[in-house]
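Worksheet for the structure shown next.
The values are calculated or read from the model by the stated rules, or taken from the named source; none is laboratory data. Just so it is clear, the structure is predicted and the values come from calculations on it, not from any experiment. As a convention, Cβ positions derive from the backbone with ideal geometry for all residues, glycine included, and neighbour counts pool all protein chains shown. The accessibility values were calculated without ligands, DNA or RNA, using every heavy atom of the protein model including side chains. Shrake-Rupley method; radii C 1.70, N 1.55, O 1.52, S 1.80 Å.
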Amino acid sequence: MNILLTGGGTGGHLAIAKALMESLASKNQSLFFIGSQRGQDRSWFEHEEGFKRRFFLETQGVVNQRGIAKIRSLFSQFQAMLEARKILKNHQIKRVVSVGGYSAAPASLAALSLGIPLYIHEQNAKVGLLNRLLKPFSRAFLSSYDSNSLIRDYPVRDAFFEVARVRSRVKKILFLGGSQGAKAINDWALELAPLIHQRGIAIMHQCGEVDYERMKRGYEERSIPVELFAFDRAIHQKMQQADLAISRAGASSLWELGANGLPALFIPYPFAAGDHQYYNAKFILDQGLGWMVRQENLSTEVLLEILEEDLSQKSECLMAYVKRGAADRMADFILS
């Protein structure tokens, strides 16, 4: 069967697309991808051999645009939708799977216009605008946060489960700012570093490419040993070494940490659309599986309280809560 995956913009969306691609490919399906020339879509999938063909259309987000810019964005989406219709027809696509983001709009709308079944995966606790609009017309709407979802498990690659372990005491902390880094987390890490080092706790830090040199100097000036890196696609290997993460609350990071059994203090990005990272973190907090603090409330005391805790219960419960094989269950559901 010819199946098209669409969506992206950020690593969170694309991580789901990759997990579904791997699962569907293992079931001998012919896979295609439509993304955007903007965002991270091309860097993730331009040379991905799991897809038979990959298309990157000229699109951009609409929600945060104003005036003429919004009109231009809508027009670019309309043109891309017409192009996506041609792609779907030319390659006889039988299913379209959207992982969300503005990249998903053209192919999703094209699928509906052609009567091709559309399946949507919503990665965040707060549903995005595009998915809210398309949900009533989709064949199925899947979400890990929605009690009505037919599949509630989140697609996480097996690599994160394979290196999972139970943590008890904090011997190493991993700071995670996402693929682009996070200045607020970077700044807080430098503030906390002397205290963490004094307690004999090791530091790993994903700081992003843009802030790498500043952070390197910052740790050197404080004479603090650190395993500093801009970004690592094998982030599961870094997680395996850590006992506590301090992280943004993007959906993919949130569920990957859970799959690994790595408890986390989440610092939601305050400018995320619809404040969705806050709701992602709140979902984990409400299950008693982690901690959360708003960026404006960062303080040393927040971390000190966590360092005194026995993490074993949270770590064990995370590993039990996040189920392996979600991508396979989603793939089987789509194929059925």
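For segment 108-117, enumerate the residues that are part of a helix (DSSP H, G or I) and either buried (at least 17 other Cβ atoms within 10 Å of the Cβ) or at positive phi (or both). Matches in segment 108-117: 108, 109, 110, 111. Residues in segment 181-215 that are part of a loop (DSSP other than H, G, I, E, B) and not hydrophobic (A, V, I, L, M, F, W, C) were compared, and the one that is nearest to residue 271 (Cα to Cα) is 181. Filtered by the rule that a residue be assigned to a helix (DSSP H, G or I) and β-branched (Val, Ile, Thr), segment 275-305 gives 284, 300, 302. Restricting attention to segment 259-299, the residues that are closer than 19 Å to residue 14 by Cβ and not polar (S, T, N, Q) total 5.
Would you call residue 210 touching a Gly at 6+ places or on another chain (Cβ under 7 Å) and open to solvent by 20 Å² or more (accessible area, probe 1.4 Å)? Criteria met by residue 210. Within segment 299-317, the residues that satisfy the criterion of being within 18 Å of residue 171 (Cβ to Cβ) and either out of contact with any Ser or Thr (no Cβ under 7 Å at 6 or more places or on another chain) or charged (D, E, K, R) (or both) are 303, 304, 305, 306, 307, 308, 309, 310, 313, 314, 315, 316. Among the residues of segment 1-50, the ones that are modelled with pLDDT under 95, open to solvent by less than 10 Å² (accessible area, probe 1.4 Å) and either closer than 19 Å to residue 85 by Cα or assigned to a loop (DSSP other than H, G, I, E, B) (or both) come to 4 in all.
Of the residues making up segment 135-161, just one is of a type in the set (Asp, Glu) and either crowded, with 19+ Cβ neighbours inside 10 Å or in contact with a helix residue (DSSP H, G or I) (Cβ under 8 Å, 6 or more places away or on another chain) (or both), namely 153.
Here's the yes/no breakdown for (1) charged (D, E, K, R); (2) over 22 Å from residue 299 (Cα atoms); (3) open to solvent by less than 30 Å² (accessible area, probe 1.4 Å); (4) touching a His at 6+ places or on another chain (Cβ under 8 Å):
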position: 227; (1), (2), (3), (4): yes, yes, no, yes
position: 232; (1), (2), (3), (4): yes, yes, no, no
position: 268; (1), (2), (3), (4): no, no, yes, no
position: 271; (1), (2), (3), (4): no, no, no, no
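What residue, among those in segment 241-266 that are in a strand (DSSP E or B) and of a type outside the set (Phe, Trp, Tyr), is farthest from residue 145 (Cα to Cα)? Across segment 241-266, the extreme among qualifying residues is 244. Being among the small types (Gly, Ala, Ser) and open to solvent by 40 Å² or more (accessible area, probe 1.4 Å) is the filter here; which residues of segment 180-201 pass it? Correct list: 200 only.
Residue-level check: of (1) closer than 23 Å to residue 51 by Cβ; (2) charged (D, E, K, R); (3) at pLDDT 95 or above, residue 191 misses just (1).
If only residues of segment 318-329 that are hydrophobic (A, V, I, L, M, F, W, C) and surrounded by 17 or more Cβ atoms within 10 Å (Cβ to Cβ) are counted, the one that is nearest to residue 266 (Cα to Cα) is 318. Within the option set 247, 223, being under 23 Å from residue 307 (Cβ atoms), modelled with pLDDT of 95 or more, of a type in the set (Ser, Thr, Tyr) and over 20 Å from the mean Cα position of the chain (by Cα) holds for one residue only, 223.
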